[in-house]
1. Which residues, counting only those in the stretch 251-270, are farther than 14 Å from residue 178 by Cβ and either hydroxyl-bearing (Ser, Thr, Tyr) or without any contact (Cβ under 8 Å) to a residue 24 or more places away in the chain (or both)?
2. Can you find a residue that is within 25 Å of residue 290 (Cβ to Cβ), assigned to a strand (DSSP E or B) and at pLDDT 95 or above anywhere in the stretch 24-41?
3. Within the stretch 146-175, work out how many residues are under 23 Å from residue 214 (Cβ atoms), among the β-branched types (Val, Ile, Thr) and either outside any helix (DSSP H, G or I) or free of Cβ contacts under 8 Å to residues at least 60 places away in the same chain (or both).
4. Checking the condition surrounded by fewer than 16 Cβ atoms within 10 Å (Cβ to Cβ) and at positive phi, which residue from 322, 229 passes?
5. Residues of the stretch 192-222 being open to solvent by 20 Å² or more (accessible area, probe 1.4 Å), in contact with a Lys or Arg (Cβ under 7 Å, 6 or more places away or on another chain) and not hydroxyl-bearing (Ser, Thr, Tyr), which ones?
6. Residue 142 - would you say it is closer than 30 Å to residue 278 by Cα, among the small types (Gly, Ala, Ser) and out of contact with any helix residue (DSSP H, G or I) (no Cβ under 9 Å at 6 or more places or on another chain)?
7. Going by the structure shown, is residue 90 under 23 Å from residue 311 (Cβ atoms), out of contact with any Gly (no Cβ under 6 Å at 6 or more places or on another chain) and modelled with pLDDT of 95 or more?
8. Restricting to the stretch 125-145, count the residues that are part of a loop (DSSP other than H, G, I, E, B) and either among the basic types (Lys, Arg) or closer than 19 Å to residue 255 by Cα (or both).
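The values are calculated or read from the model by the stated rules, or taken from the named source; none is laboratory data. Owing to the predicted nature of the structure, the values given are computational and were not obtained by experimental measurement. FYI the Cβ positions are ideal-geometry reconstructions off the backbone, even for glycines, and counts take in every protein chain you see. Note: accessible area is taken over every heavy atom of the protein model, side chains too, but ligands, DNA and RNA are not part of it. Shrake-Rupley method; radii C 1.70, N 1.55, O 1.52, S 1.80 Å.
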Amino acid sequence: MNGDGSAPFWERIDVSSWLVLDSEQTGSHETTWLLDERDGTTRWLHKNTTMHEDREQGEDWAEIIATQVGMRLGVPVALTLLCSRAGHRGSVSRDVRPRQLDLFSGHLVLEDCPDVDDYIAHLEGDPAHDPQRPNVKRPGHSIANIRRALDGSGAPPGFEGPETMDAFDVFAGYLLFDALVANRDRHEQNWAQLRPQLTTMAPCLCPSYDHSSSLGFAETEAKMALRAGDRQALRAWARRGTAGRFEHTEKADSLVTLAVEGLALTSSVAQAHWRRRIDEIDLTAVTAPLLRGEIPEMSVSTTRFVIELLTLNLERIRHELGPRR
């Protein structure tokens, strides 16, 4: 079922008649805010799939599957649905900003923090350069700076973990989630802080959103079939999943390495919580419908690749975290 219990997560809905509220540029993609005609109040961010070399990519199924994986890991995520609009495949993501809260993207959060002095502000698609550190890519977008910038912020609304966990404790879970679904797109506009309009209240981390660049969505079916049938080839491909959206020099760390490093900076309560979630996660409710072919746009090869990639990445994370303490 979807996170709101309304329908199976693989159901594709037609949003062609939904009212257009606004359009915005998110990273390199233009997205459109729609008003849900079913209730007349809920805002959803719509994204079409993209064409590459006459091939339709899988941003839609990657977004929905990643969302389901995040829910089972216990990460607060935006609810997403498969959709069609004017005959085109896509997905919609429910607005994560509650009323009376304003959303500030990560680049603004880092800019505002007086304890962060090496972040070079930029928007996605316009790389930043630090003249003092010319060899550094993504200068200042580091987990240490994110931890500083989120100091004093609470966990996202609806987070079901220990009450003592704060914003960065939960953000470390986002990094584990990224490593699990091979999401390399956690740039500064793909995480955010929610700030109350009443300044007497503390800010909090925003639920995670925009996971369409996951699970090898852009790979050709032939390459997916090859890697799904060869464990060594799949492992080599997975290891190329690096955290290139974070500060690095010559080569970025792997998503798994970054996640483990991030978790090490959290509280002991958070470390125990996320280790337990990784140990106990069961993805059968996600993988079983895929094996039944519930998302017809996913071929047998694509389905096998996605499931084996999730299995492999979970093994890699568990190995790097070591024995449970």
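1. Once the filter is applied, which keeps residues that are farther than 14 Å from residue 178 by Cβ and either hydroxyl-bearing (Ser, Thr, Tyr) or without any contact (Cβ under 8 Å) to a residue 24 or more places away in the chain (or both), the stretch 251-270 yields 251, 264, 266, 267, 268.
2. No: zero hits.
3. 1
4. Answer to the check: 322.
5. 203
6. Criteria met by residue 142.
7. No, not satisfied.
8. Here is the first cut: in the stretch 125-145, the residues part of a loop (DSSP other than H, G, I, E, B) are 125-136, 138-142.
Next cut, either among the basic types (Lys, Arg) or closer than 19 Å to residue 255 by Cα (or both) only: 133, 136, 138-142.
Number of matching residues: 7.
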